[in-house]
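Structure first, then comments.
The values are calculated or read from the model by the stated rules, or taken from the named source; none is laboratory data. Fair warning: this is a prediction, and the values are worked out from it, not measured in the lab. For neighbour counting, all protein chains shown are included, and Cβ atoms are generated from backbone atoms with ideal geometry for every residue, glycine included.
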Amino acid sequence: MYIVQIASECAPVIKAGGLGDVVYGLSREVEERGHCVEIILPKYNNMRYDHIWGLHDAYRDLWVPWYGGSVHCSVFCGWVHGRLCFFIEPHSEDFFFDRGVYYGCDDDVMRFAFFSKAALEFLLKSNKRPNVIHCHDWQTGLIPVMLYEMYQYHGMDNQRVLYTIHNFKHQGFAGSEVLWATGLNRESYYFQYDQLRDNFNPFSLNFMKGGIVYANHINTVSPHHAWEAMHGDAGFGLGHTLHLKSFKFSGILNGIDYATWNPEEDPHIPYDYGISTFEDKALNKKALQEKLLLRACDKPILAFIGRLDDQKGVQLVHHAMYFALSRGAQFVLLGSATDSVINDWFWHEKRYLNENPDIHLELSFNEELAHLIYAGADMMVVPSKFEPCGLTQLISLRYGTVPIVRGVGGLYSTVFDWDYDNEHSREERTGFVFYDSDNYAVESAMNRAIDLYYNEPKLFQQLAMQGMQYDYSWKQSGEEYIKMYSQIRHQ
């Protein structure tokens, strides 16, 4: 099969979050299974050009219809760690992708509406006819709309679309100007409820809803999150639309890159280890304590790695720090906040706790330190309010670091409670799960984990090693995506 991924990110050249990791990791897995994969991306002026090999002109004069005229674009081609990527550069006074940022501009909806239009125009003019176009998140939600309302009548009638939603919270809202810019026009048609009109604002179009309505299949990044989005509040207002389209909606769990995250061959940790050499994990714990000037002792180290924001349960993270200390444990935090209030709050805590030898707050992101924390910590706290898939718990399992998670989204799908999971035998369980989003709930799970560490050390080690036996690489997920591609290809 011939697959084209169209996205706003691809790690490591363009990465703001997990989306970039997924686009790269999935593309590599699908290609290694014998399929042809190409990736179309915006050519941001601040992307990591040092990760692109052989960047060159691929299509010099691409004229993209826009409002009443057209915008001249150049398309560049290069390889990102083996993946063939095309980068679209518009020569426009709007400077769509020359902003020094990937997201966060007042006109983001128009920037990515233009990118979606340009990507389709590039496929059309260069005679690329993939079996499946795989789009990601709200930024590309208009692609299936334009494909089936416009481009199928210009020679692209055999292309099918898989639309993957990584985060329902960000949906892309716009007024009628986006219809006139892209050439969709017909306001009265697209502003109908069963088309692109937002479910709660009759004066707004919703890019993500458009993707859901028009794509051949929609998926999100874990089976449980698919259920939450359709039946709970995790769909952020799109639950009814998903219910109407449930016949083409599913969940496929993300994978992680086992070449990058492998404790048996990790250049960022001082001591490699695996299941058969699990005792060497303790050497990394000692190295972590030395590096962060923590007290050298056999207290359990609990950790948090991630963004400090509302989605990640920042209030519970804060509570977990002090509760760990009260239970005779150590705590390590690695993360940064985009919100200035949260940032100031944790800097205050860092200064207040600076002399305490059992806690370290690293308020930034450091890839190398992240590897050492995964290898050196005993437990990982993941108290997210919502978590479509989550990579932290998957990496923790890989490194034999016992996850303590809130049972939402992908966390529910991948961590099985040591004490209370009725669907898995004791030998299949991998961590500790709580469900309510209050202090008592996270305390209860942390208590059980710390008690097992102190009172039953052999059982705690068994639990850690059981997590290492699971395979959350792209292997299984890639297989599921290929089945999905094949299925919609013949629709």
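Consider the range 453-491 and keep the residues that are within 30 Å of Val161 (Cβ to Cβ) and of a type in the set (S, T, N, Q). The one that is surrounded by the fewest Cβ atoms within 10 Å (Cβ to Cβ) is Gln491.
Table: residues versus (1) out of contact with any Phe, Trp or Tyr (no Cβ under 8 Å at 6 or more places or on another chain); (2) under 26 Å from Gln159 (Cα atoms).
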| residue | (1), (2) |
| --- | --- |
| Ile212 | no, yes |
| Ala215 | no, yes |
| Thr220 | no, yes |
| Met230 | no, no |
| Gly235 | no, no |
| Gly239 | yes, no |
| Phe247 | yes, yes |
| Ser250 | yes, yes |
| Thr260 | yes, no |
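Here is a check on your reading of the model: is Tyr271 hydroxyl-bearing (Ser, Thr, Tyr) and within 30 Å of Asn354 (Cβ to Cβ)? Before you say what the answer is, go through the steps one by one.
On the way: hydroxyl-bearing (Ser, Thr, Tyr): yes; within 30 Å of Asn354 (Cβ to Cβ): yes.
Here the answer is yes, as Tyr271 does meet what is asked.
Of all residues in the range 364-392, those being part of a loop (DSSP other than H, G, I, E, B) and within 25 Å of Pro267 (Cβ to Cβ) number 7.
Take Tyr352 and tell me if it is modelled with pLDDT of 95 or more and buried (at least 17 other Cβ atoms within 10 Å of the Cβ). Can you show your working first?
Working: modelled with pLDDT of 95 or more: yes; buried (at least 17 other Cβ atoms within 10 Å of the Cβ): no.
Criteria not met by Tyr352.
Annotation note: Cβ proximity below 8 Å between a residue of the range 458-484 that is among the basic types (Lys, Arg) and a residue that is crowded, with 16+ Cβ neighbours inside 10 Å (sequence gap 6+ or interchain) occurs for Lys475/Glu29; Lys475/Gly255.
Of all residues in the range 413-434, at least one satisfies being under 22 Å from the mean Cα position of the chain (by Cα) and assigned to a helix (DSSP H, G or I). Figure legend. Inter-residue proximity from the range 433-446: first residues within 14 Å of Tyr412 (Cα to Cα), second residues assigned to a helix (DSSP H, G or I) and of a type in the set (Ser, Thr, Tyr), beta-carbon distance below 8 Å, spacing 6+ or different chains. Indicated pairs: Val433/Tyr412; Phe434/Ser444.
Of the strands (runs of 3 or more DSSP E) lying entirely inside the range 1-100, the ones with 3 or more residues being over 24 Å from Met150 (Cα atoms) are found at 53-66, 69-80, 83-90.
Taking residues in the range 338-354 that are under 16 Å from Leu292 (Cα atoms), and partners anywhere that are modelled with pLDDT of 95 or more and surrounded by 15 or more Cβ atoms within 10 Å (Cβ to Cβ), the pairs with Cβ atoms closer than 6 Å and at least 6 places apart or on different chains are Lys350/Leu361; Leu353/Ile359. Pick from the range 393-420 the residues that are under 19 Å from Asp266 (Cβ atoms) and out of contact with any Lys or Arg (no Cβ under 9 Å at 6 or more places or on another chain): which of them is surrounded by the fewest Cβ atoms within 10 Å (Cβ to Cβ)? Here the residue is Arg398. The single condition from (1) free of Cβ contacts under 8 Å to residues at least 24 places away in the same chain; (2) under 21 Å from Tyr322 (Cα atoms); (3) in contact with a strand residue (DSSP E or B) (Cβ under 7 Å, 6 or more places away or on another chain) that Asp417 fails is (2). Residue pairs whose Cβ atoms lie under 9 Å apart, sitting 6 or more positions apart in sequence or on different chains, and linking a residue in the range 175-202 that is farther than 19 Å from Gly239 by Cα to a partner that is of a type in the set (Lys, Arg) and crowded, with 16+ Cβ neighbours inside 10 Å, are Ala181/Lys117; Thr182/Lys117; Gly183/Lys117; Tyr190/Arg197. Of all the listed residues (Arg448, Arg406), the sole one being modelled with pLDDT of 95 or more and either more than 19 Å from Ala226 (Cβ to Cβ) or not basic (Lys, Arg) (or both) is Arg448.
Determine, yes or no, whether Phe200 is under 21 Å from the mean Cα position of the chain (by Cα), outside the structural domain of Leu394 (by TED's automatic domain parsing) and part of a loop (DSSP other than H, G, I, E, B). Against the criterion (under 21 Å from the mean Cα position of the chain (by Cα), outside the structural domain of Leu394 (by TED's automatic domain parsing) and part of a loop (DSSP other than H, G, I, E, B)), Phe200 does not qualify.
Of the residues making up the range 436-452, those that are within 25 Å of the chain's Cα centre (by Cα) and surrounded by 13 or more Cβ atoms within 10 Å (Cβ to Cβ) are Ser437, Val442.
Only residues that are part of a helix (DSSP H, G or I) and closer than 18 Å to Asp198 by Cβ: list them for the range 141-179, please.
Filtering the range 141-179 down to residues part of a helix (DSSP H, G or I) leaves 142-149, 151-154, 177-179.
Of everything in the range 141-179, those that are part of a helix (DSSP H, G or I) and closer than 18 Å to Asp198 by Cβ turn out to be Leu142, Pro144, Val145, Glu177, Val178, Leu179.
Filtering the range 52-81 down to residues that are under 30 Å from Ser176 (Cβ atoms) and among the β-branched types (Val, Ile, Thr), which residue is farthest from the chain's Cα centre (by Cα)? By that ranking, first place goes to Val71.
Out of all the residues in the range 296-314, is one or more in a helix (DSSP H, G or I), more than 16 Å from Asp378 (Cβ to Cβ) and in contact (Cβ under 8 Å) with a residue 60 or more places away in the chain? Working first, answer last.
Quick first cut of the range 296-314, residues in a helix (DSSP H, G or I) only: 314.
Among the residues that remain, those that are also more than 16 Å from Asp378 (Cβ to Cβ) are: 314.
Those left that are additionally in contact (Cβ under 8 Å) with a residue 60 or more places away in the chain: none.
Checked against the condition, which is being in a helix (DSSP H, G or I), more than 16 Å from Asp378 (Cβ to Cβ) and in contact (Cβ under 8 Å) with a residue 60 or more places away in the chain, the range 296-314 yields no hits at all.
Residues that are among the hydrophobic types (A, V, I, L, M, F, W, C), crowded, with 17+ Cβ neighbours inside 10 Å and not in a loop (DSSP other than H, G, I, E, B) are absent from the range 183-195. For Asp378, the requirement of being in contact with a Cys (Cβ under 9 Å, 6 or more places away or on another chain), in the same structural domain as Pro403 (by TED's automatic domain parsing), at pLDDT 95 or above and crowded, with 16+ Cβ neighbours inside 10 Å is not met.
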